[in-house]
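The values are calculated or read from the model by the stated rules, or taken from the named source; none is laboratory data. The model shown is predicted, which means the values in this text are computed figures rather than measured ones. No Cβ is skipped: glycine too gets one built from the backbone with ideal geometry, and neighbour counts run over all protein chains shown. Ligands, DNA and RNA are stripped out before the accessible areas are found, and what is left, the full protein with its side chains, is counted by its heavy atoms. Shrake-Rupley method; radii C 1.70, N 1.55, O 1.52, S 1.80 Å.
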Amino acid sequence: MSDVDVPEDHPRYESLLTRHRIEEGVEKGITSKQGLIAEGRGEAFDYLLGEETTESAEAAERAAAAHLLLADHPVLSVNGNVAALVPGEMVELAEAVGADLEVNLFNRTEERMRAIADHLREHGASEVKGLAADARIPGLSHERAKVDADGIYDADVVLVPLEDGDRAAALAAMGKTEIVVDLNPMSRSARSAAVPIIDNIMRAVPNVTRHARDLADASDEERRDIVESFDRTAALADAEHRIREGVGDR
């Protein structure tokens, strides 16, 4: 099956497409088998959220775009699931905000690192960081501590979609402005982030890109107003309320 074999009018189109891409990612050596479990967990939260971008998530995506455009050195972190689900979309976002792309993995092998970097290049990336791994994030003992000195380590704003909670907290402790895409508003990742985007990554990344293009000609003052008006606590509370109270019969 390929993407085009999933009919767009199927009521579970996005879910089937996501599952297929993750499965294909495992077959290509991009996604780890643990990534299958993570995707299933995320899909459950997405269902509870109504499988749509909420108003608060849209506000977070606009704030994320403003942060990335204001940054001196923005970096987009890519793991196996991200590479499988939104490789071209991440490349488009990087181009829209002038960000570096950097591969970072918990289950890190040189083969997977190279496979993901090659996969991103196949989708239009001109440069992919992460292979040098010549710096470490303080306070982490596992493989995700390894980063490029001129990439994530040096970044002031980092987008870390589908992130491990401990690295999210460690990046925040370094003083970085952290944007997280996570369907669980109660996760450590979401609660560590300056901008928690509680949305499916397949909707979130294109949405951030759309907002970045919309703000391309905006002044820094306008962008700062968007950043300052975003209420992360309210966004998390809104997502949790929606999950707990539901969205009615579907």
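Observations on the model:
- Selection from the range 162-193 of residues that are in contact with an Asp or Glu (Cβ under 6 Å, 6 or more places away or on another chain) and open to solvent by less than 30 Å² (accessible area, probe 1.4 Å): Leu171, Val180, Leu183, Pro185, Ser189, Ala190, Ala193
- Failed criterion for His119 (all others in (1) open to solvent by less than 20 Å² (accessible area, probe 1.4 Å); (2) part of a loop (DSSP other than H, G, I, E, B); (3) out of contact with any Asp or Glu (no Cβ under 6 Å at 6 or more places or on another chain); (4) of a type outside the set (A, V, I, L, M) hold): (2)
- Residue within the range 52-59 that is in contact (Cβ under 8 Å) with a residue 24 or more places away in the chain, crowded, with 20+ Cβ neighbours inside 10 Å and among the hydroxyl-bearing types (Ser, Thr, Tyr) present: yes
- The single residue among Leu159, Leu131 that is among the hydrophobic types (A, V, I, L, M, F, W, C), crowded, with 17+ Cβ neighbours inside 10 Å and either at negative phi or in a helix (DSSP H, G or I) (or both) turns out to be Leu159.
- Residues that are in a strand (DSSP E or B) and either of a type in the set (Val, Ile, Thr) or in contact (Cβ under 8 Å) with a residue 60 or more places away in the chain (or both) within the range 164-196 comprise Thr177, Ile179, Val180, Val181, Val195, Pro196, listed in sequence order.
- Close pairs from the range 152-163: first among the hydroxyl-bearing types (Ser, Thr, Tyr) and modelled with pLDDT under 95, partner assigned to a helix (DSSP H, G or I) and surrounded by fewer than 23 Cβ atoms within 10 Å (Cβ to Cβ), Cβ under 9 Å, at least 6 apart: none
- Unique residue being touching a Leu at 6+ places or on another chain (Cβ under 6 Å) and not small (Gly, Ala, Ser) when the list is Val75, Val103, Val97, Val91: Val97
Here's the yes/no breakdown for (1) modelled with pLDDT under 90; (2) part of a loop (DSSP other than H, G, I, E, B):
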| residue | (1), (2) |
| --- | --- |
| Thr18 | yes, no |
| Glu23 | yes, no |
| Glu39 | yes, no |
| Glu52 | no, yes |
| Arg62 | no, no |
| Ala66 | no, no |
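- Pairs with Cβ under 6 Å, 6+ apart, first in the range 222-250 and at pLDDT 95 or above and part of a helix (DSSP H, G or I), second of a type in the set (Gly, Ala, Ser) and surrounded by 15 or more Cβ atoms within 10 Å (Cβ to Cβ): Arg223/Ala66; Ile226/Ala63; Ile226/Ala66; Val227/Ala63; Val227/Ala66; Ala235/Ser56; Ala235/Ala60; Asp238/Ser56
- Within the range 141-151, considering residues that are modelled with pLDDT of 90 or more and farther than 15 Å from Asp72 by Cβ, the one surrounded by the most Cβ atoms within 10 Å (Cβ to Cβ): Val147
- Tally, over the range 93-106, of residues that are surrounded by fewer than 19 Cβ atoms within 10 Å (Cβ to Cβ) and farther than 18 Å from Ile152 by Cβ: 1
- Among the residues here, Asp220 qualifies as within 15 Å of Ala71 (Cβ to Cβ), open to solvent by 50 Å² or more (accessible area, probe 1.4 Å) and not hydroxyl-bearing (Ser, Thr, Tyr).
- Qualifying residue in the range 99-122 (condition: closer than 26 Å to Leu16 by Cβ, among the charged types (D, E, K, R) and at pLDDT below 95): yes
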